[in-house]
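So the structure is just underneath, and the comments pick up after that.
The values are calculated or read from the model by the stated rules, or taken from the named source; none is laboratory data. Here the structure is a predicted model, which is why all the values come from computation and not from measurement. For neighbour counting, all protein chains shown are included, and Cβ atoms are generated from backbone atoms with ideal geometry for every residue, glycine included. Side chains are part of the model used for accessible areas, which takes the heavy atoms of the whole protein and leaves out ligands, DNA and RNA. Shrake-Rupley method; radii C 1.70, N 1.55, O 1.52, S 1.80 Å.
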Amino acid sequence: MAICVSGSHTLFVNSSNLKTVAVLSREKKMRVQYDLKQGQSRNFHELPSGLSMEVIVQKGAKKNTNFEYPPLVFVHGSYHAAWCWAEHWLPFFSSSGHDCYAISLLGQGESDSPPDSVAGTLQTHARDVADFICRNIGSPPVLVGHSFGGLIIQYYISNLGSDELKEDLYPKLKGAVLVCSVPPSGNSGIVWRYIFSKPIVAFKVTRSLAAKAFQTSLSLCRETFFSATMEDHVVRRYQELMKESSRMPLFDLRKLNASLPVPSVPNCPFEILVLGAKDDFIVDAEGLKETAKFYGVPPVCVDAIAHDMMLDVSWEKGAEVIFSWLNGSEK
């Protein structure tokens, strides 16, 4: 069973076809609210644990064609939630005919929090995504993951492509897009490269993310996530949403790094797009190359755009690359 909120109303949603029945409103967890755009609805998917995940949905526009567009399921990274996709990319891809679903992982956005100090592990997050797909999506979707969300998708892929790890819990995919993704070995390699080659950048990244200084410094928030040309009022709006999005860390990073790299996938049954940003302050060029090499695909690096590709000033650049790739992979 899932739950849906549209405007001021909360709705139960049948997990197989998202039909709605009105019920009482659900208590909001974010003090700063994200206002949904026209055509979007806020749903809550109940996991086997009884905890619920927020899912922002925007159905695809009807096209005059017999072609079926694969649904897209979006997974965010640290300090973000489903809203980061709803701002630009959900309207863009839904207008192209794709049903779009943006998930807030546990402990993030309006999703419930587990009774632990961290939101989960690579395994539990991937299984939560799989459970949502299994119970709500009728055909194999394309998974789109950003930053640590990309690493979660990589673990999901490993369960589909490895005989040792293959589980019936993971529904098949049409494809996957890794956007400014943490590489398969984790972020430790990136950190060490920065320490030796760009010590000032290493200090800034650590201060911004580990010490959460991006939450109080507008200039550091912009430098970490966005292009220099983004206006102050826009950065401030996203900064406030990010401050409210993460009530607990996505992972215990020490335990996460000990579990990496993700298992290799020698015979991946679908196409993968590895997409990076030229002005990424967090994931460097070597990290992008590592991920692309791991999957045997050429990396695609978008010029004049920062780590938060889906929110940045030129957000359409990355969206258009993915759109072209989707059109090619669907032929």
### Task
Place the peptides 178-184, 128-134, 267-273 in order of packing, highest mean first, counting for every residue the other Cβ atoms within 10 Å and averaging per peptide.
178-184, 128-134, 267-273
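Rounding to the nearest 20 debye, state how big the charge dipole of the range 215-325 is about its Cα centre with +1 on each Lys and Arg Cβ and -1 on each Asp and Glu Cβ. Spell out each step's value before the answer.
Working: 11 positive and 17 negative charges, 85 e Å.
Around 400 debye, computed over the range 215-325.
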### Task
Could you provide, to the nearest whole Å², the per residue accessible area of the range 106-243 with probe 1.4 Å?
42 Å²
### Task
Excluding residues on the same chain fewer than 8 positions from Lys29, give the lysines whose Cα lies under 24 Å from its Cα.
Lys37, Lys212, Lys243
### Query
Kirkwood Rh, the range 189-231, all Cα pairs: how many Å?
10.7 Å
### Message
Could you identify which residue out of Met309, Met30, Met53 has the top mean-square fluctuation in a GNM of the chain using Cα springs shorter than 10 Å?
### Response
Met30
### Query
Which whole-number percent gives the relative contact order of the chain, counting Cα pairs below 8 Å spaced six or more residues apart?
17 percent
### Query
If you look at just the Cα atoms of the range 79-125, how large are its Rg and its Dmax in Å?
13.1, 40
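R0 = 51 Å: FRET efficiency of Ala210 with Gln38, Cβ-based, nearest 0.05? Intermediate values should be presented prior to the final figure.
Working: r = 38 Å, r/R0 = 0.75.
Approximately 0.85, to the nearest 0.05.
Pairs Lys59/Lys174; Lys255/Lys289; Lys204/Lys278: which exceed 21 Å Cα-Cα? Intermediate results must be reported in sequence, preceding the final value.
Details: Lys59/Lys174 18 Å; Lys255/Lys289 24 Å; Lys204/Lys278 18 Å.
In this structure, Lys255/Lys289 exceed 21 Å between Cα atoms.
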### Message
On the principal axes of its Cα set, how long, how wide and how thick is the range 21-100? Give whole Å, largest value first.
### Response
41, 27, 23
### Summary
Interchain or sequence-distant (5+) residues whose placed amide H lies within less than 5 Å of the amide H of Ala277 are Cys180, Val302
#### Entry: Normalised convex hull volume, the range 93-246, alpha-carbon set, Å³ per residue
158 Å³
### Query
Mind checking which aspartates and glutamates have their C-alpha under 18 Å from Lys293, skipping anything on the same chain fewer than 8 residues away?
Glu271, Asp284
#### Entry: Extension gain from Asp116 to Lys198, taking 0.36 nm per residue of separation minus the Cα-Cα distance
26.0 nm
### Simple spin-label estimate for Arg26 and Glu68 in nanometres, 7 Å along Cα-Cβ
2.8 nm
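Out of all Cα-Cα pairs in the chain, roughly what percent, to the nearest whole number, are more than 26 Å apart? Kindly include the intermediate steps, with their values, before the conclusion.
Working: 23739 of 54615 pairs.
Value for the chain: 43 percent of Cα pairs lie more than 26 Å apart.
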### Task
Mind telling me which of Phe74, Phe92, Phe148 comes out most flexible in a GNM of the chain, alpha-carbon contacts under 10 Å?
Phe92
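Tell me the mean residue ellipticity at 222 nm calculated for the chain from its helices only (DSSP H runs of n ≥ 4, each -39500 (n - 2.57), averaged over every residue, nearest 500). Can you show the working numbers first?
Numbers: 11 runs with 111 residues, N = 331.
Roughly -10000 deg cm²/dmol at 222 nm, from the helical runs in the chain.
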### Task
Treating only the Cβ atoms of Lys and Arg (+1) and Asp and Glu (-1) as charged, compute the dipole magnitude of the chain about its Cα centre; round to the nearest 20 debye.
300 debye
### Query
When the accessible area of the range 135-248 is split by element with a 1.4 Å probe, what percent falls to carbon and sulfur?
56 percent
#### Entry: Relative compactness, the range 178-290, computed as alpha-carbon Rg over 2.2 N^0.38 Å
1.17
